[in-house]
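For reference, the structure discussed in these notes is given below.
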Amino acid sequence: METLHIAVDARGVARLTMNRPERFNAFNETMIGELAQALGHLVADPKVRVIVLCGAGKAFSAGADIDWMKRAAAASHEDNLADARRFAGMLAAIAECPKPVLARVQGLALGGGVGLAAACDIAVAADDARFAVSEARFGILPAVIGPYVINAVGPRQARRLALTASRIGADTALQMGLIHEVAPLDELDAAVERWVHELLQNGPQAQGEIKRLFAQLEVGPVTAEVRELTAETIARVRMGDEAREGFAAFSEKRAAAWIPGDKA
């Protein structure tokens, strides 16, 4: 691909790397299309268990490429809408991916780069990471990324980030729930690997079911409909082959079949 590098290891861990370091991995029409395409391929590949979203070079992603934004500003409403829908679809592909997606963040994560991290299930950042929901500085707003930022940090913190467009450090991002761990830059890959190891211990079908179910649940009253949804889901899943293997492995004091490495 023109803007991405993809590598899958023997465990089924895919590293999906945004590869425009000269532009701080700012994304344009090409990268948006390639990210959506790559995610589709990785979801369809049964060998892939976990996806790690990375940025080549010094930055995770500086958000939207300014040249792309200039082209959009000169385009028709219909073209702008189609463009925005493609971006929204790409973020949805990350958030709705049935496999765990982990963001490895270093350097800058600006605008849509924050949206990418927020759409992932887990985000791990280097201590040099800086985040900003920066769209208002350009006279626009974080519309497409807004739902993912709100889901990550809550409405009030999201408004703070969007209205001020100010940069925050990794420690502040951790406190507000935008990321899950901060590590020194030279230990970032080791931190990511610890999360990947934890993810690989668990049933891949169960993880897909978790993502599908949790996407349907909202904070608030546990209604009769919610209770029925959760009851029907667990009743179906615990009758499956993966659940039988998980219970058998626990009873027999052995590693489950989905765990990479020596099963002895």
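Just so it is clear, none of the values below were taken in a lab; they were calculated from the coordinates. Keep in mind it's a predicted model, so treat the numbers as computed, not measured. A quick note on method: Cβ atoms are made from the backbone with ideal geometry, for glycine too, and the neighbour counts reach across all protein chains shown.
In debye, nearest 20: dipole of segment 83-195 around its Cα centre with unit charges on the Cβ of K, R (+) and D, E (-)? Please list the in-between numbers first.
Values: 11 positive and 12 negative charges, 124 e Å.
It works out to roughly 600 debye.
For segment 101-109, just list the computed ³J(HN,Hα) in residue order, Karplus coefficients 6.51, -1.76 and 1.60, θ = phi - 60°, integers in Hz, with x standing in for Gly and Pro.
These are the phi-based 3J(HN,Hα) values: 10, 10, 8, 9, 10, 9, x, 8, 10 Hz.
Given F131, C54, M69, which one lies farthest toward the positive end of the charge dipole of the chain, if we put +1 on the Cβ of every Lys and Arg and -1 on the Cβ of every Asp and Glu?
F131
Could you work out the mean projected area of the convex hull around the alpha carbons of segment 125-175, in square nanometres to one decimal?
On the way: hull surface 13.8 nm².
With the hull built on Cα positions only, its mean projection is 3.4 nm².
I'd like the Karplus ³J(HN,Hα) series for segment 27-38: coefficients 6.51, -1.76, 1.60, θ = phi - 60°, whole numbers in Hz, and an x wherever there's a Gly or Pro.
Values per residue, Gly and Pro as x: 9, 10, 4, 5, 5, 4, x, 6, 4, 4, 5, 5 Hz.
Distance from the Cα centre of segment 108-186 to that of segment 46-85, in angstrom?
16 Å
Could you pull out every one of the aspartates and glutamates with an alpha carbon less than 17 Å from that of K99, ignoring same-chain neighbours closer than 8 positions?
The qualifying aspartates and glutamates are D9, D45, D121, E193, E198, E209, E242.
Rounded to the nearest 0.05, what FRET efficiency is calculated for I140 and E22 with R0 set to 22 Å and r the Cβ-Cβ distance?
On the way: r = 24 Å, r/R0 = 1.09.
Given R0 = 22 Å and the Cβ-Cβ separation, E is 0.35.
Need one number: the % of Cα-Cα pairs in segment 19-158 sitting beyond the 23 Å mark.
On the way: 2960 of 9730 pairs.
Cα-Cα pairs of segment 19-158 separated by over 23 Å account for 30 percent.
Rounded to the nearest angstrom and ordered from largest down, what semi-axes does the equivalent ellipsoid of segment 118-247 get from its C-alpha gyration tensor (root of 5λ)? All intermediate terms of the calculation are to be shown ahead of the outcome.
On the way: eigenvalues 218, 101, 20 Å².
One finds semi-axes of 33, 22, 10 Å for segment 118-247.
For V105, list long-range residues whose amide hydrogen, built 1.01 Å from N in the peptide plane, is under 5 Å from its own amide hydrogen.
V124, A125, A126
Highest GNM mean-square fluctuation, the chain, Cα pairs closer than 10 Å: which of A165, A224, A123?
In this elastic network of the chain, the residue with the biggest mean-square fluctuation among A165, A224, A123 is A224.
Can you tell me which of Q205, Q175, Q216 moves the most in a GNM of the chain? Springs connect C-alpha atoms under 10 Å apart.
Q216
Determine the principal axes of the Cα atoms in segment 75-114, then give the extent along each, sorted from largest to smallest and rounded to whole angstroms.
Per principal axis, max minus min of the Cα coordinates gives 36, 28, 7 Å.
With a point put 7 Å past each Cα toward its Cβ, work out how far A92 is from A75 in nm, to one decimal.
Here the answer is 1.7 nm between the modelled labels.
Tell me, what are the semi-axes, in whole angstrom and largest first, of the equivalent ellipsoid of segment 133-206 as set by the roots of 5 times the Cα gyration tensor eigenvalues?
Semi-axis lengths for segment 133-206 are 29, 16, 10 Å.
Could you go through segment 176-192 in sequence order and give the Karplus-derived ³J(HN,Hα) for each residue, using 6.51 cos²θ - 1.76 cosθ + 1.60 with θ = phi - 60°, rounded to whole Hz, and x for Gly and Pro?
Listing the rounded values in order: 8, x, 6, 10, 10, 7, 10, 9, x, 3, 6, 10, 5, 5, 5, 5, 4 Hz.
Rg and Dmax of segment 196-264, Cα atoms, in Å?
14.6, 46
What fraction of the Cα pairs in segment 6-93, stated in percent, has a spacing above 19 angstrom? The partial results should precede the final answer.
On the way: 1699 of 3828 pairs.
More than 19 Å apart: 44 percent of the Cα pairs in segment 6-93.
For the chain, count all C-alpha to C-alpha pairs, find those more than 31 Å apart, and express that count as a whole percent of the total. Present the calculation step by step, with values, prior to reporting the outcome.
Working: 10026 of 34716 pairs.
The calculated P(r) of the chain puts 29 percent of pairs beyond 31 Å.
Given the DSSP H assignment, sum -39500 (n - 2.57) over each helix run of at least 4 residues in the chain and divide by its residue total; what's the result at 222 nm in deg cm²/dmol, nearest 500? Intermediate results must be reported in sequence, preceding the final value.
Numbers: 11 runs with 125 residues, N = 264.
When only DSSP H runs of four or more count, the value is -14500 deg cm²/dmol.
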